[in-house]
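Here is the structure we will look at, set down as structure tokens.
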Amino acid sequence: MKSTMNSRDNTPRQVEVWLSSESMPGRNSWFQGPQELPHQLSQQAALNWSLPQVSELTTLHVTPEQTYQEILGIGSSLEETTVHNLSRMKASEQLDILKQLTNPQLGIGLNLFRITLGTSDFTAQPFYTYDDLEAGETDFQLKDFSIQKDIDLAIIATLRQLLDVAPNTIFFASPWSPPAWMKTGNSLKKGRLKEGQEYTAALAKYYRLAIQAYQEQGIPIHAMTLQNEPLLETDYPSCYMPPEVQQELAVALKKELIEHGLPTKIWMFDHNFSDVWSYITPILNAEDGYAVVDGIALHDYEGEPEVMSEIHAAYPDKPLYLTERSLWGTQGADRMARYFRNYASSYNAWVTMLDSNIGTHQWPGTPGPTMLIQDASQVDLYWKTPEFYLLGQYSRFVERGAVRIGSSYGSVDTVTNVAFRNPDGGLVMVVINQTEVEQSFRIICEGSQFTAALSAKTVGTYCWQGL
């Protein structure tokens, strides 16, 4: 069969192919040491296009002329647990890890990282914020505000080193709790922001000071969420923040940002699919709320990704960001495809590196394996889990500024997918085989087709230049 030609330069087009395999997804046996994998972002022989023909193969059709949301980035988090584990390693190993995380040639090209303002539950430290006081004290002028602990704990140094390695990196920030003196209960655990305009104004100023302090350290904050998981009160830093409070806070913070010339965007909510409708509608249906909110942040622990398409239809000018969820295996890769197919403009995994003792953190449960695991007894040693490579099937190839393009989803009984067009016109299709057997399929796009076979429990990324 004669191959199709690239109409722009009369040379045959080919399809580049990379594969990664799952292995024991989510199992804690990965904390015991590295294991062999069939495919680890392994490049395969290129595939050739042909003229369309009758076929009984599973068929996926790609329509590049149909374009959807723009992609901001794909990444993970640099919360204090990860930074703590990194800081115990010698400088050359730290640098190597940062390069493998961010460099698309040497590693997987992550370009969007979540950081925490103060500690989260994933920390090796006592919980802190940037204005901790003795019981009964207040500081409405924030005279005691300081990010010195972030400097002392090597958080600032790590983020600056990451920017040196990958200058196009974007950071967004999330707080787990306001300072205790601002809260009912006077604790970082549980509680709410105290009532009164003075507390709303103080918290808005606190956030603005944090953004400024990071900027002064050479670390711009692209966006921030106003409260991690605002519907959760629990025994680690947390704060219940109902929609009306978040709306008031967003208005106050936007005023602070504008007055001080800070371009940081405000992303609202930062919690589960299941509660997004009831939370965001009173904010976005209010004129002042709609005006100050720049995007909607979501977590995937309850509910289904398809709600994002509903939200997009209701508020098409407010981008959607998947800010927290760790995924494992080909089922996780398909879940990520569903995020993007339902208008997510980003994806961030939660926690980049635990050690082999599953540490060090203060979350009350037992975490699953992270994409990197440090040997707790030999801290300069680490290994990669399959999730490093499976995430790389997206992040290495889908560039910032890419747009999702049309493609038929397929079926979990055969293969599923999502497709993108990069800023240079290159097309990227991530295809997922969750089944126990090899799946053969064909792709039809712009008048041509290619056929491929994808091993059981494997993700394939297919890249070609569009016409």
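The values are calculated or read from the model by the stated rules, or taken from the named source; none is laboratory data. Predicted model only: the values in this text are computed from it and were never measured. Cβ: placed from backbone, ideal geometry, glycine included. Neighbour counts: every protein chain shown.
Considering only the stretch 299-307, I want to know if a residue exists there that is in a helix (DSSP H, G or I), at pLDDT 95 or above and in the same structural domain as Pro243 (by TED's automatic domain parsing). Show your work before the answer.
The first filter runs over the stretch 299-307 and keeps only residues in a helix (DSSP H, G or I), leaving 307.
Pick out the ones that are also at pLDDT 95 or above and you get 307.
Cutting the leftovers down to in the same structural domain as Pro243 (by TED's automatic domain parsing) gives us 307.
Scanning the stretch 299-307, I find at least one residue that is in a helix (DSSP H, G or I), at pLDDT 95 or above and in the same structural domain as Pro243 (by TED's automatic domain parsing), so the answer is yes.
Scan the stretch 69-78 for residues that are closer than 16 Å to Ile155 by Cβ and assigned to a strand (DSSP E or B) and jot them down.
As a first pass, look at the stretch 69-78 and keep what is closer than 16 Å to Ile155 by Cβ: 76-78.
Selection gives Ser76, Ser77.
From Gln449, Gln393, Gln362, Gln378, which residue is on the phi < 0 side of the Ramachandran plot and in the same structural domain as Asn28 (by TED's automatic domain parsing)?
On the way: Gln393 fails: in the same structural domain as Asn28 (by TED's automatic domain parsing); Gln362 fails: in the same structural domain as Asn28 (by TED's automatic domain parsing); Gln378 fails: in the same structural domain as Asn28 (by TED's automatic domain parsing).
Result: Gln449 is the single residue among Gln449, Gln393, Gln362, Gln378 that is on the phi < 0 side of the Ramachandran plot and in the same structural domain as Asn28 (by TED's automatic domain parsing).
Only one of Thr116, Thr158, Thr81 is under 22 Å from the mean Cα position of the chain (by Cα) and in a strand (DSSP E or B); which? Steps first, answer last, please.
Working: Thr158 fails: in a strand (DSSP E or B); Thr81 fails: in a strand (DSSP E or B).
Of the residues listed, the single one that is under 22 Å from the mean Cα position of the chain (by Cα) and in a strand (DSSP E or B) is Thr116.
What's the number of the only condition in (1) within 20 Å of Leu117 (Cα to Cα); (2) free of Cβ contacts under 8 Å to residues at least 12 places away in the same chain; (3) not basic (Lys, Arg) that Leu262 fails to meet?
(2)
Return the pair list, or none, for Cβ contacts closer than 6 Å from residues in the stretch 366-391 that are farther than 21 Å from Ala91 by Cα to residues that are in a helix (DSSP H, G or I) and not charged (D, E, K, R), at least 6 apart or on different chains.
Pairs that qualify, where the first residue is farther than 21 Å from Ala91 by Cα and the partner is in a helix (DSSP H, G or I) and not charged (D, E, K, R), are Pro369/Trp30; Thr385/Trp30; Leu390/Ala333.
Could you check Ile405 against (1) farther than 23 Å from Ser21 by Cβ; (2) touching a helix residue (DSSP H, G or I) at 6+ places or on another chain (Cβ under 6 Å) and say which number it fails?
Among (1) farther than 23 Å from Ser21 by Cβ; (2) touching a helix residue (DSSP H, G or I) at 6+ places or on another chain (Cβ under 6 Å), Ile405 violates only (2).
Specify which of the listed residues (Leu188, Leu162) is buried (at least 18 other Cβ atoms within 10 Å of the Cβ) and touching a Leu at 6+ places or on another chain (Cβ under 9 Å). Step through it out loud before you land on a result.
On the way: Leu188 fails: touching a Leu at 6+ places or on another chain (Cβ under 9 Å).
Criteria check complete, one pass: Leu162.
Would you confirm whether any residue within the stretch 310-319 is within 18 Å of the chain's Cα centre (by Cα) and either among the aromatic types (Phe, Trp, Tyr) or closer than 25 Å to Lys457 by Cα (or both)? Quick ask: steps written out before the conclusion?
Narrowing the stretch 310-319 to residues within 18 Å of the chain's Cα centre (by Cα): 318-319.
The next check asks that each one be either among the aromatic types (Phe, Trp, Tyr) or closer than 25 Å to Lys457 by Cα (or both); those that pass are none.
Checked against the condition, which is being within 18 Å of the chain's Cα centre (by Cα) and either among the aromatic types (Phe, Trp, Tyr) or closer than 25 Å to Lys457 by Cα (or both), the stretch 310-319 yields no hits at all.
Which members of the stretch 202-220 meet the condition of being within 19 Å of Ser177 (Cα to Cα) and in contact with a Leu (Cβ under 9 Å, 6 or more places away or on another chain)? Before you say what the answer is, go through the steps one by one.
Just the residues of the stretch 202-220 that are within 19 Å of Ser177 (Cα to Cα), to begin with: 202-214.
Correct list: Ala202, Leu203, Ala204, Lys205, Tyr206, Tyr207, Arg208, Leu209, Ala210, Ile211, Gln212, Tyr214.
Quick check on my filter: what residues within the stretch 352-367 are among the hydroxyl-bearing types (Ser, Thr, Tyr) and surrounded by fewer than 16 Cβ atoms within 10 Å (Cβ to Cβ)? Spell out the reasoning first.
Narrowing the stretch 352-367 to residues among the hydroxyl-bearing types (Ser, Thr, Tyr): 352, 356, 360, 366.
If the condition is that a residue be among the hydroxyl-bearing types (Ser, Thr, Tyr) and surrounded by fewer than 16 Cβ atoms within 10 Å (Cβ to Cβ), then Thr366 is the only one that fits.
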